[in-house]
1. For the stretch 304-324, which residues satisfy the criterion of being open to solvent by 30 Å² or more (accessible area, probe 1.4 Å) and assigned to a strand (DSSP E or B)?
2. Please determine whether any residue of the stretch 301-314 is more than 15 Å from Ile231 (Cα to Cα), touching a Ser or Thr at 6+ places or on another chain (Cβ under 9 Å) and polar (S, T, N, Q).
3. Could you pull out every one of the strands (runs of 3 or more DSSP E) wholly within the stretch 200-283 that has 2 or more residues that are modelled with pLDDT of 95 or more, of a type in the set (S, T, N, Q) and on the phi < 0 side of the Ramachandran plot?
4. Considering the stretch 370-394 alone, what residues qualify as being in a loop (DSSP other than H, G, I, E, B), at pLDDT 80 or above and either of a type in the set (Val, Ile, Thr) or open to solvent by less than 50 Å² (accessible area, probe 1.4 Å) (or both)?
5. What residue, of Val261, Val239, Val232, Val301, is crowded, with 23+ Cβ neighbours inside 10 Å, touching a strand residue (DSSP E or B) at 6+ places or on another chain (Cβ under 6 Å) and farther than 29 Å from Pro328 by Cβ?
6. Only residues in the stretch 110-135 that are farther than 16 Å from Ile188 by Cβ count as the first member; pair them with residues that are surrounded by 15 or more Cβ atoms within 10 Å (Cβ to Cβ) and of a type in the set (Asp, Glu), Cβ under 6 angstrom, at least 6 apart or cross-chain, and list the lot.
7. Can you name every residue in the stretch 279-295 that is within 22 Å of the chain's Cα centre (by Cα) and open to solvent by 20 Å² or more (accessible area, probe 1.4 Å)?
8. When the residues of the stretch 146-201 are filtered to those that are free of Cβ contacts under 8 Å to residues at least 40 places away in the same chain and closer than 16 Å to Gly52 by Cα, which remaining residue is nearest to the chain's Cα centre (by Cα)?
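The values are calculated or read from the model by the stated rules, or taken from the named source; none is laboratory data. It should be emphasised that the depicted structure is a prediction, and the values quoted were computed from it without experimental measurement. Note that each Cβ is placed from the backbone with ideal geometry, even for glycine, and that neighbours are counted across all protein chains shown. Heavy atoms of the whole protein, side chains included, go into the accessibility calculation; ligands, DNA and RNA do not. Shrake-Rupley method; radii C 1.70, N 1.55, O 1.52, S 1.80 Å.
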Amino acid sequence: MKPRNLGPLLLALALCGCKQVGPAPSPSPRTLTARSHNSGFAQAHDTYNGMGVGGDGRIYYVLSSERHDVAAQMYSYDPATSQIRRLGDLTEACGEKALKAISQGKSHVNFVESGGKLYFATHIGYYSIIDGMEKPGVPPPGYKPYPGGHFLAYDIASGGFEDLATAPLREGILSMTMDPRRGRLYGITWPTGYFLRYDLAKKELKNLGPVSRQGENGKGPTYRTLCRSLIVDPEDGSVYFTTGDGVILRYRFEQDSIEAVQGEDLRKDYFGLYDPTSAGHMGYNWRQTAWYAPQKAIYGVHGNSGYLFRFDPRIPRVEVLERITSEPSKRSGMFDQFSYGYLGFTLGPDGRTLHYLTGGPVYKDGRRVSGKSGTAKGESKGEENLHLATYDIPARKYVDHGPIFFANGQRPSYVNSIAVGKDGTVYALSRITEQGHTRTDLISVPGPLTRRFEGGYGSEPNQP
């Protein structure tokens, strides 16, 4: 007896609206395979931001240190040759190698390129837990306190560093941006939250004072989580940032002063309900932002809820667009795994596609793996399910491109950074476990702009 061809019958059933007998095959979920790169810094610890794409196409990044006597290290990765170069030690770049003070353990900001130089800032990586909160580390015997964060410039052609200015009162520099057109650097310090501006031409640093009560140095009613993202309007030189209360602040270039934006804020019901005086969340701060030139508007993501929004500073108006967390996170109805939300949010090289590295819940045997219910600092609340999501601004189209795994089946974790190469490859800094040792290092993932979703990569050996 010949087997019957059931194709016409199944087609007829579909056309008449009848249900197919038996279970339909479920499509395999698309996954992305991350390639790990070994920079040769075994002590590298969790790194936040600390990345950028140079005009030469190389990926520049900083790997952090949590030790009092080991500084953060800066590297470059050349996609054309797969070579990694160590560029410098940040304590040395700040001229503090002989000081025997707590090291420049982090760069908590992204690079901004102007005139062949990469501008960035340094931050403390060595902490003490005081009253359950992270505070600048108490120096061990024989060491001096942390000297304060620095504004730095790295010359791509010569490979030299230039120390521009030091933050006052021994504070680190938590957030930074640059206005290349007007030659200005801007920063927010940690833990108090002083707003700094540095004029390159005049070589002048000015402290405009605290911008959010006593910042993360406060207690009770004076405590506020500080904004991690400053954004420049290139049209008029304004700098925008937020507070945990949802106030949108504006630095006015022509007046050299800070004011609150009137008539609009980020205190949106969709973002959740927060007590700005408590720790462990970003409150109503935006988490990360990007400038979209065609609309002269700011696109940003609220950290805890993962909602994408558009802020038009000229009206002013905040338009909540949609939640751009991973699909599993959306379906769970819960906030993301990282307590502050994710920093890996940037505009791609096509100038229209936002890229977002975001987490999601992990399920085992049909049940969600639970984690920490609360935390007083920025950290993962449990095992992370890292996804790459994109949002096409003109098309208003969100896509979750799937979970990210290493070739050995492990998941990237503590990813709070992103840089999208000129070919669309997505780079980030992640925890990597190899041969029983965990470090933070560079990873790369084929992005949607490369049109290369399939195929995995193995671990790459250290390059000179």
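1. Taking the stretch 304-324 as the starting set, the residues that turn out to be open to solvent by 30 Å² or more (accessible area, probe 1.4 Å) are 307, 310, 314-317, 319-323.
Within the stretch 304-324, Tyr307, Arg310, Arg317, Glu319, Val320, Leu321, Glu322, Arg323 qualify.
2. For the stretch 301-314, residues more than 15 Å from Ile231 (Cα to Cα), touching a Ser or Thr at 6+ places or on another chain (Cβ under 9 Å) and polar (S, T, N, Q): present.
3. Working: elements: 204-210, 231-233, 238-242, 248-252, 257-260.
The strands (runs of 3 or more DSSP E) meeting that bar are 238-242.
4. Glu384, Asn385, Leu386, Ile393
5. Matching residue, one of Val261, Val239, Val232, Val301: Val232.
6. Gly125/Glu66; Tyr127/Glu134
7. Here is the first cut: in the stretch 279-295, the residues within 22 Å of the chain's Cα centre (by Cα) are 279-293.
Within the stretch 279-295, Ala279, His281, Trp291, Ala293 meet the criteria.
8. Per the stated criteria, the residue is Ala153.
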